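A.B. asks: Quick one: the structure is below, and I'll ask about it shortly.
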Amino acid sequence: MQNVHAANEANYLTYQGKYKGLLGWILSTDHKRIGLLYLYSIMTMFSIGVLLGLAMKFELLAPGKTIMEAKTYNATFTVHGVIMIFMVVIPGLPAVFGNFLMPIMIGAKDVAFPKLNLLSWWLYVLGVVLVLTAILFGNGTPDTGWTFYAPYSFKTGANLLPAVFGAFILGFSSILTGLNFLVTIHRLRCPGLTWSKLPLFVWTLYGTAWIQLLATPVVGITLVLIALERVFGVGVFDPALGGDPILYQHLFWIYSHPAVYIMILPAMGAISEIIPTFSQKQIFGYVALIASTMAIAFVGYLVWGHHMFTAGMSGTAQYFFSLLTYIVAIPSAIKVFNWIATLYKGSINVQTPLYWAASFIFVFLIGGLSGLVLGSLATDVHVHDTAFVVAHFHYIVFGGTGFAFFAAIHYWFPKIYGRMYDKTWANTGWLIFFIGFLALYTPMFYLGIMGMPRRYYDYMAEFHSGNILSTFGSWVLATGFIIILINLIRSARKGPKAEMNPWHGKTLEWTVSSPPSLENFDEIPVIAEDDGPYNYK
Amino acid sequence: MSDLNIDIKTKILKFNLLFVLIVFSLSLFAQEVVNPVSNNNNVEIGVIEHLDEFLPDSISLINEEGQQVWLADIIDKPSVINFVYYRCPGICSPLMEAVAGVMDKSDLVPGVDYQVLTISFDPHETIDLGIRKKSNYLNLMTNKVEEAKKGWLFFTSDSASIARATNATGFKYQRTGNDYLHAASLTVVSSEGKITRYLNGLYFLPFEWKMAIVEASKGKSGPTLNKVLRFCYSYDPVGQTYVMNITKITGTIILFLAILFLLILVFKSKKKENLI
């Protein structure tokens, strides 16, 4: 693609606008600064979530009470889930890397609605504050699990409403981001950047934005109904009031399953950028990757019932949901195949982002295949609500989105900060993190199959050794995380200056200065007819 | 380049269409929801709902001309069957007044969109009394008198047919001296004779009335508005009333807005100044 140099003297990090200092950041409508605001907020919440996760694993180090009571454990896994799902992985890649990179990747100066973009971040902060209020004040921390299932949600004496309202506000933030991205991708692509030349990360953001727009309102409405039930006694989900608890589960999962794809699609997009760059090769099956993205976005909308196989559902509906769950595995498998095929016979340049991307494929495969065990009607009954499920979704959500997030941050870090991180420490951090991850979650597959239920602070003695390994893994993982975090923070401030295109990438963001100037491009680029995002010929 | 563009778009479209086809073909297996109201067969007076069952063919009636007719032949459109006895000193009169009132208020046309069949379950009664009663109740109406003359039909019957009809509809009554103890209930049947709804009580909202008849005409062509109504409301057997399908409606609105948004994005031309 064309090399479009921007003026380096006023990059977005040093630019001084109407406001100075912190205000210059939290009131900035620049998509890059907003992306970083999300990055810092999300990493803060992620760190809190990790601490809660460590506390849970410590409790499970030995049977019986280790460090906390049952109720505290319930509250811990609820808050861990709410933080990790609603505040980390759902906004995750779209909010951070989508905001920062998508406008540059399509040759635009900003998103279509910069002020709305800032409002989305503020709504995110408001949602976070509300949830934290529920944790710190009132009658007690919510202890229903992150799903807020009825009847827990109307029986618990805990301070649930602020948490529910917080999740509702976070949903709004998500919808507005989705809307903004859709308009931006449709309207602000630079001349010559047709749909068939759009980078795959942008394509996945596009599919994700549609899910955000279509699915998030459902959970918003559901959470309002919970509030109506708790405050006004309107019977919606409580059978004593004429409501239906199963209805809640349906409504919740109609959103929350597509939300898994909100998490994973941009993750797949980031991997689809990293692999061709480090293979120095045209991506294999560009069209198939786009089609599979859109197929996942569409079919992912129709599989929510597989969360409820044991909750009471007609046999026909079960077959339907089970089959659809199997169908959604096909486009995911297509992606894995295409990534591997891209690596095949490529000029592979092994760097930290590629380590993360390769480990992403590894854990995503295990997570995906274990998902089929849960999507199958007979086996689901056996492992439902056991540690197996916890292992599966951590392999997908943490192993998928989390690994892709770290892959993305190590890939685009030189572009974002204009500095390079210490590669040795980055690789060490990755290795420790990866080993910790495997040690933490793999035993849970076994424990689940053997019958250890999830969401209990206690377990039978026969599950002890598996839990010891798992808890040990959590410490290893946390060590890796600390190394990665310190390395990145230190490098952002003191790392050596990065080149404009250190990885020899071919997408538009590598044609602008590192860090990019305030308006990204001096002149809007024009994409030539024979040019494309992965043109390594 | 543009050819390649179209080619790629076509491939993506085909791929996604395949998924849509698979998904919709699966929906063919969707099963009917079974009404959760359980039938209590020990009821002596009242109504045991026999929803989704068909009326037997062998119910003969005497019509207003004194001729013997078959109920199955008369039911050629959605029909509301109303069991009373014409001498009734009790709830039959308020029930019939409620029927006359709702027929008058409803925008559905008796005799065209539906018919009401009032059948005496006292085998000793003759049709003369039925005709007099019909005249009385038609006098209560103001808007649809002419239509109701053709669309509200009165009958008597013999004891065997009455037994078959009341058993088939689950209408339970008891004789006490010269009179009967019975419930106030209307049975709505489709033009194929299938029982689709029971309307109980002595007051019917025009909306409920319309919904019950629209439901009974399911599968038949009707005004589009009626189809929309059937989509938006479903019968709540516990509350015995029609309730709005909030999930269906909000889901449809969300999808509609999303499609509208997509169409605007695709078809509304870009403004020059936006091409920054």
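The values are calculated or read from the model by the stated rules, or taken from the named source; none is laboratory data. Everything numeric here is computed off the predicted structure, so don't read it as measured data. Neighbour counts run over all protein chains shown; Cβ positions are idealised from the backbone, glycine included.
A.B. asks: Residue check: is residue A:349 assigned to a loop (DSSP other than H, G, I, E, B) and of a type in the set (S, T, N, Q)?
C.D. replies: Working: assigned to a loop (DSSP other than H, G, I, E, B): yes; of a type in the set (S, T, N, Q): yes.
Yes; evaluated as a whole, the condition is true for this residue.
Per-residue answers, yes or no, for (1) modelled with pLDDT under 90; (2) of a type in the set (A, V, I, L, M); (3) on the phi > 0 side of the Ramachandran plot:
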site	(1), (2), (3)
B:109	no, yes, no
B:124	no, no, no
B:142	no, no, no
B:168	no, yes, no
B:176	yes, no, no
B:181	yes, yes, no
B:185	yes, no, no
B:200	yes, no, no
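A.B. asks: Read through the list (1) assigned to a strand (DSSP E or B); (2) in contact with a Leu (Cβ under 7 Å, 6 or more places away or on another chain); (3) closer than 22 Å to residue B:198 by Cβ, then give the number of the only condition that residue B:83 fails.
C.D. replies: Every listed condition holds for residue B:83 apart from (2).
A.B. asks: Those residues that are in contact with a Leu (Cβ under 8 Å, 6 or more places away or on another chain) and away from chain B (no Cβ under 11 Å), I need them from the stretch A:174-184; list them, please.
C.D. replies: Our first condition is that a residue be in contact with a Leu (Cβ under 8 Å, 6 or more places away or on another chain); within the stretch A:174-184, this holds for A:175-176, A:178-183.
Hits for the stretch A:174-184 are A:176, A:180, A:181.
A.B. asks: Cβ-Cβ below 6 Å, separation at least six or inter-chain, first residue in the stretch A:316-338 and more than 16 Å from residue A:261 (Cβ to Cβ), second at pLDDT below 95 and polar (S, T, N, Q): which pairs?
C.D. replies: A:316/B:31
A.B. asks: Sticking with this structure for a sec: For the stretch A:301-329, give me each residue that is surrounded by 15 or more Cβ atoms within 10 Å (Cβ to Cβ), within 10 Å of chain B (Cβ to nearest Cβ) and more than 17 Å from residue A:389 (Cβ to Cβ).
C.D. replies: A:301, A:302, A:317, A:320, A:323, A:324, A:327, A:328
A.B. asks: Name the pairs whose Cβ atoms lie under 8 Å apart, with the first residue in the stretch B:139-153 and within 14 Å of residue B:108 (Cα to Cα), the second of a type in the set (D, E, K, R) and buried (at least 19 other Cβ atoms within 10 Å of the Cβ), and 6 or more positions between them or separate chains?
C.D. replies: Close Cβ pairs (under 8 Å, with a partner that is of a type in the set (D, E, K, R) and buried (at least 19 other Cβ atoms within 10 Å of the Cβ)) amount to B:152/B:134.
A.B. asks: If we only count helices (runs of 4 or more DSSP H) wholly inside the stretch A:367-446, which ones have 3 or more residues that are within 15 Å of residue A:357 (Cβ to Cβ)? Give the steps one after another, and end with the answer.
C.D. replies: Details: elements: A:377-383, A:387-393, A:403-417.
It comes to A:403-417.
A.B. asks: Any residue that is outside any loop (DSSP other than H, G, I, E, B), among the basic types (Lys, Arg) and at pLDDT 85 or above - is there at least one of those in the stretch B:210-230?
C.D. replies: Just the residues of the stretch B:210-230 that are outside any loop (DSSP other than H, G, I, E, B), to begin with: B:210-216, B:224-230.
With among the basic types (Lys, Arg) added as a condition, the list becomes B:210, B:227, B:230.
Filter once more, keeping what is at pLDDT 85 or above: B:210.
For the stretch B:210-230, residues outside any loop (DSSP other than H, G, I, E, B), among the basic types (Lys, Arg) and at pLDDT 85 or above: present.
A.B. asks: Given the stretch B:117-200, what strands (runs of 3 or more DSSP E) lie entirely inside it while holding 3 or more residues that are touching a strand residue (DSSP E or B) at 6+ places or on another chain (Cβ under 7 Å) and under 18 Å from residue B:102 (Cβ atoms)? Spell out the reasoning first.
C.D. replies: Values: elements: B:152-155, B:174-176, B:179-181, B:185-189, B:195-200.
Answer list for the stretch B:117-200: B:152-155, B:185-189, B:195-200.
A.B. asks: Suppose we filter the stretch A:289-321 for residues that are farther than 20 Å from residue A:264 by Cβ and assigned to a helix (DSSP H, G or I); how many remain? Spell out the reasoning first.
C.D. replies: If we filter the stretch A:289-321 for residues that are farther than 20 Å from residue A:264 by Cβ, which is where we start, we get A:308-320.
Next, only the ones that are assigned to a helix (DSSP H, G or I) stay: A:315-320.
Here the count works out to 6.
A.B. asks: Among the candidates A:293, A:277, which residue alone is under 24 Å from the mean Cα position of the chain (by Cα), surrounded by 20 or more Cβ atoms within 10 Å (Cβ to Cβ), farther than 22 Å from residue A:383 by Cβ and away from chain B (no Cβ under 13 Å)? Steps first, answer last, please.
C.D. replies: Numbers: A:293 fails: away from chain B (no Cβ under 13 Å).
So the residue among A:293, A:277 that is under 24 Å from the mean Cα position of the chain (by Cα), surrounded by 20 or more Cβ atoms within 10 Å (Cβ to Cβ), farther than 22 Å from residue A:383 by Cβ and away from chain B (no Cβ under 13 Å) is A:277.
A.B. asks: Of the residues that sit in the stretch A:222-263 and are part of a helix (DSSP H, G or I), surrounded by fewer than 19 Cβ atoms within 10 Å (Cβ to Cβ) and of a type in the set (Val, Ile, Thr), which one is modelled with the highest pLDDT?
C.D. replies: Among those that are part of a helix (DSSP H, G or I), surrounded by fewer than 19 Cβ atoms within 10 Å (Cβ to Cβ) and of a type in the set (Val, Ile, Thr), it is A:246.
A.B. asks: Examine the stretch A:141-155 for a residue that is part of a helix (DSSP H, G or I), more than 13 Å from chain B (Cβ to nearest Cβ) and either within 22 Å of the chain's Cα centre (by Cα) or under 30 Å from residue A:115 (Cβ atoms) (or both), and state whether such a residue exists.
C.D. replies: We begin by selecting, within the stretch A:141-155, every residue part of a helix (DSSP H, G or I); these are A:152-155.
Filter once more, keeping what is more than 13 Å from chain B (Cβ to nearest Cβ): A:152-155.
Right, trim to either within 22 Å of the chain's Cα centre (by Cα) or under 30 Å from residue A:115 (Cβ atoms) (or both) and you get none.
No, there is no match, as no residue in the stretch A:141-155 is part of a helix (DSSP H, G or I), more than 13 Å from chain B (Cβ to nearest Cβ) and either within 22 Å of the chain's Cα centre (by Cα) or under 30 Å from residue A:115 (Cβ atoms) (or both).
A.B. asks: For the condition crowded, with 19+ Cβ neighbours inside 10 Å, out of contact with any strand residue (DSSP E or B) (no Cβ under 6 Å at 6 or more places or on another chain) and at negative phi, what is the one hit in A:507, A:479?
C.D. replies: A:507
A.B. asks: Among the residues of the stretch A:285-298, is there at least one that is out of contact with any Pro (no Cβ under 7 Å at 6 or more places or on another chain), at pLDDT 85 or above and at positive phi? So that I can check it myself, show each step before the final result.
C.D. replies: Filtering the stretch A:285-298 for residues out of contact with any Pro (no Cβ under 7 Å at 6 or more places or on another chain) gives A:285-291, A:293-294, A:297-298.
Then drop every residue that is not at pLDDT 85 or above, which leaves A:285-291, A:293-294, A:297-298.
Then drop every residue that is not at positive phi, which leaves A:285.
Looking through the stretch A:285-298, at least one residue is out of contact with any Pro (no Cβ under 7 Å at 6 or more places or on another chain), at pLDDT 85 or above and at positive phi.
A.B. asks: Against the definition (more than 14 Å from chain A (Cβ to nearest Cβ), at pLDDT 80 or above and out of contact with any Lys or Arg (no Cβ under 6 Å at 6 or more places or on another chain)), how does residue B:268 come out, yes or no?
C.D. replies: Numbers: more than 14 Å from chain A (Cβ to nearest Cβ): no; at pLDDT 80 or above: yes; out of contact with any Lys or Arg (no Cβ under 6 Å at 6 or more places or on another chain): yes.
Against the criterion (more than 14 Å from chain A (Cβ to nearest Cβ), at pLDDT 80 or above and out of contact with any Lys or Arg (no Cβ under 6 Å at 6 or more places or on another chain)), residue B:268 does not qualify.
A.B. asks: Output the residue which, of all residues in the stretch A:185-202 that are more than 10 Å from chain B (Cβ to nearest Cβ) and part of a helix (DSSP H, G or I), is surrounded by the fewest Cβ atoms within 10 Å (Cβ to Cβ). Steps first, answer last, please.
C.D. replies: Our first condition is that a residue be more than 10 Å from chain B (Cβ to nearest Cβ); within the stretch A:185-202, this holds for A:193, A:198-202.
Narrowing further to those that are part of a helix (DSSP H, G or I): A:200-202.
On the way: A:200: 25, A:201: 29, A:202: 27.
If we take residues in the stretch A:185-202 being more than 10 Å from chain B (Cβ to nearest Cβ) and part of a helix (DSSP H, G or I), then A:200 is surrounded by the fewest Cβ atoms within 10 Å (Cβ to Cβ).
A.B. asks: Please list, ordered by first then second residue, the pairs with beta carbon atoms under 9 Å, 6 or more apart or interchain, first in the stretch A:163-187 and touching a residue at least 24 places away in the same chain (Cβ under 8 Å), second among the acidic types (Asp, Glu).
C.D. replies: From residues that are touching a residue at least 24 places away in the same chain (Cβ under 8 Å), the pairs are A:184/A:110.
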